[in-house]
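Below is one structure, written out as structure tokens; the observations come after it.
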Amino acid sequence: MLDIDLAIRGGTVVTASDTIRCDVGIKNGKVALLAETITEAARTIDASGLIVMPGGIDSHVHLDQPSGPDVTMADGFESGTRSAAAGGNTTIIPFAMQVKGESLRACVSDYHRKAEGKAYIDYGFHLVVSDPTPTVLNQELPALFADGCTSFKVFMTYDDLVLSDRQLLEVFDVARREQALVMVHAEGYDNIKFLTERLEAAGKTAPYYHGPSRPQVIEREATHRAISHAELLDVPIMIVHVSGREAMEQIRWARQRGLKVYAETCPQYITLTEDDMKGLNMDMSGAKYVCSPPPRDTDSQKAIWEGLKQGVFQTFSSDHCPFFYDSPRGKLNEKGRTSFKWVPNGLPGVETRMPVLWSEGVSKGRITMNEFVALTSTNHAKLYGLYPKKGTIAVGADADIVLWDPNRKETIRQEILHHGSDYTPWEGFAVTGWPVMTIAKGRTVVDDGKVVGAMGAGSFIARDKSPYALPAGA
Ligand code: DUC
Ligand code: ZN
Ligand code: ZN
């Protein structure tokens, strides 16, 4: 006798590969039994009419990140994981961002302190390498990979983060040697700086001009450059937050050459356009939509959908990077009011990622339910060393599950969300399909919008080395 703690009964279980009518039995926080009917359990949840899916894994989230002297991030680990859980997620992977001149190890210890006892759901850390000193490259990175932070991000832009081509090669080389997965922010520093100065000289400083300061050609050039560096060293890379057709063409080209180039896109690139940054007649409200790369146009949205359907993208992440709008420490900081250049880049979206993709993708017939699970959960687990502990519903896996009502209609509004920001870019956006219960390690965290889980129940997950980070010629 198995002594099941919890049975989820009557639902349709959907994984990345299967759609099955069965009950799910949970014991000690893990899936213990899948059966046509489970009759005996200490507790039962009726999931009739609902879809039972692996909880979302959002592998691109920023929390409690240093954002310069004038700006504070709107979410730490408490509100960030609460909001994530309310949006159907059971794991997130935020970034531990090295500030230039700091030890990366000290930075990770600092993030452990920030997260300890605060999280409602499990979390890992990607590293951000902004200062690849010999100590970072030869000692700190290998030690941190061994501690379970098995992926890192590099930036090709931003004064405080940009790496030179030589530095990119140095860190790619370490990634290859250590089997770590590299995530690349592909936008070129000099190109953006050049256009920004031109725009400012012409008095074009409203938030709207954030878009023209970094057109697709800049993303395309950097994507190509990153791919070329990766080819030179035979190291797999993940191009994050791809915004449109031009970068996608580079990714397709790379794959045709046999290169291991993975790609991620985000809700902003299927639902927003650069016109959102105009706000109301070029007022500051366009700042709410300032993120990088910027949202493009409707043709780019069409391209991203092609990519989602054709497998160009492995992951659909939120790039949750939450700032306040109406705050002197947010989008409307004093300098931000003088130029788009000072408006912090990023949008809150960890809670709306899954409803937006379900509604626009599954409900509108563009992708299947199984593709939805792959894009929001399973592929994140596989790429980032969490599979099969997470990212699927199978015997032995963590009981990280979302119960989803495919027919529920909601209108996204700030007042129903659980994040720390004072706005959502999707205010008034109507969706069909909504998470009605989030279960993490067998415990209910969110029940119909109400947070019932315990702060601190989520823990740090040391991730395995990614099998997807093995060189093509290994
Ligand atoms: N890149 C991100 O990944 N998030 C927010 C800002 C940025 O440039
Ligand atoms: Zn980025
Ligand atoms: Zn990001």
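The values are calculated or read from the model by the stated rules, or taken from the named source; none is laboratory data. What you see is a predicted model, and the numbers here were worked out from it, not measured in a lab. Cβ atoms come from the backbone with ideal geometry, glycine included; neighbour counts cover every protein chain shown. For the accessible areas, the whole protein counts, side chains as well, though only heavy atoms, and no ligand, DNA or RNA atoms are used. Shrake-Rupley method; radii C 1.70, N 1.55, O 1.52, S 1.80 Å.
Any idea how far the Cα center of the stretch 247-324 sits from the one of the stretch 31-96, in Å?
23
Measure of size requested: the Rg and Dmax of the stretch 123-215, with Cα atoms as the atom set and Å as the unit; please supply both.
16.3, 50
Over the stretch 56-370, average the accessible area per residue using a 1.4 Å probe and give it in Å², no decimals.
34
Can you give the log10 of the normalised intensity I(q)/I(0) at q = 0.12, 0.16, 0.17, 0.19 Å⁻¹, computed with Debye over equal Cα scatterers of the stretch 275-363?
For the stretch 275-363, the Cα-only Debye profile gives -0.44, -0.74, -0.81, -0.95.
Add -39500 (n - 2.57) for each DSSP H run of 4 or more in the chain, then divide by its residues: what number comes out at 222 nm, to the nearest 500 deg cm²/dmol?
Here the helix-only value at 222 nm equals -7000 deg cm²/dmol.
Per residue, how much accessible area does the stretch 406-474 show when a 1.4 Å probe rolls over the protein heavy atoms, in square angstrom?
In whole numbers, the stretch 406-474 has 47 Å² accessible per residue.
Return the equivalent ellipsoid semi-axes of the chain as a descending list in whole Å, where each equals the square root of 5 times an eigenvalue of the C-alpha gyration tensor.
Details: eigenvalues 234, 129, 90 Å².
Working through the eigenvalues yields semi-axes of 34, 25, 21 Å.
Per residue, how big is the convex hull around the C-alpha atoms of the stretch 251-409? Give it to me in cubic angstrom, could you?
Details: hull volume 24.8 nm³, N = 159.
Expressed per residue, the convex hull around the Cα atoms of the stretch 251-409 is 156 Å³.
Report the antiparallel proportion of the DSSP beta bridges in the chain as a percent, rounded to a multiple of 5.
50
Please give, to one decimal in nm, the separation of the simple spin-label points placed at residue 28 and residue 334, each 7 Å out from Cα toward the Cβ.
Between residue 28 and residue 334, the simple spin-label model gives 5.9 nm.
Relative contact order, percent, of the stretch 56-370 when contacts are C-alpha pairs under 8 Å separated by at least 6 residues?
18
Counting pairwise Cα distances across the stretch 423-474, what percent come out greater than 19 angstrom?
Across the stretch 423-474, Cα pairs with separations above 19 Å total 60 percent.
Under a plain spin-label model, where a point goes 7 Å from the Cα along Cα-to-Cβ, how far apart in nm are residue 257 and residue 452?
Between residue 257 and residue 452, the simple spin-label model gives 5.3 nm.
Of the accessible area of the stretch 1-108, with the probe set at 1.4 angstrom, what percent is carbon plus sulfur? Could the numbers behind the result be given before it?
Working: 1930 of 3910 Å².
That share works out to 49 percent.
Percent of Cα-Cα pairs per 10 Å bin, from 0 to the last occupied bin, for the stretch 45-133, please list those.
16, 43, 26, 10, 4, 1
Per 10 Å bin, what percent of the C-alpha pairs of the stretch 193-268 does each bin hold, from zero upward?
18, 41, 25, 13, 2
Hey, rough spin-label estimate for residue 202 and residue 363, points 7 angstrom out along Cα→Cβ, what's it come to in nanometres?
Taking the simple label geometry, residue 202 and residue 363 are separated by 4.0 nm.
Quote to one decimal, in nm, the extra length available between residue 298 and residue 39 on full extension: 0.36 nm per residue of separation minus the C-alpha distance between them.
Additional length available on full extension: 88.2 nm.
Multiply the residue separation of residue 472 and residue 280 by 0.36 nm, subtract the distance between their alpha-carbon atoms, and state the gained length in nm to one decimal.
64.2 nm
Can you run the Rg to Rh ratio on the stretch 1-149? Use alpha carbon positions and the Kirkwood inverse-distance Rh. Each step should come with its number before you reach the end.
Working: Rg = 20.1 Å, Rh = 18.0 Å.
Across the stretch 1-149, the Cα-based Rg/Rh ratio is 1.12.
P(r) for the stretch 1-80, please, calculated from all Cα pair distances in 10 Å bins and given in %.
17, 34, 19, 17, 11, 2
Using a cut-off of 28 Å between alpha-carbon atoms, which lysines can reach residue 27, once sequence neighbours fewer than 8 places away in the same chain are excluded?
Here the lysines satisfying the reach criterion relative to residue 27 are 118, 382, 389, 390, 441, 450, 465.
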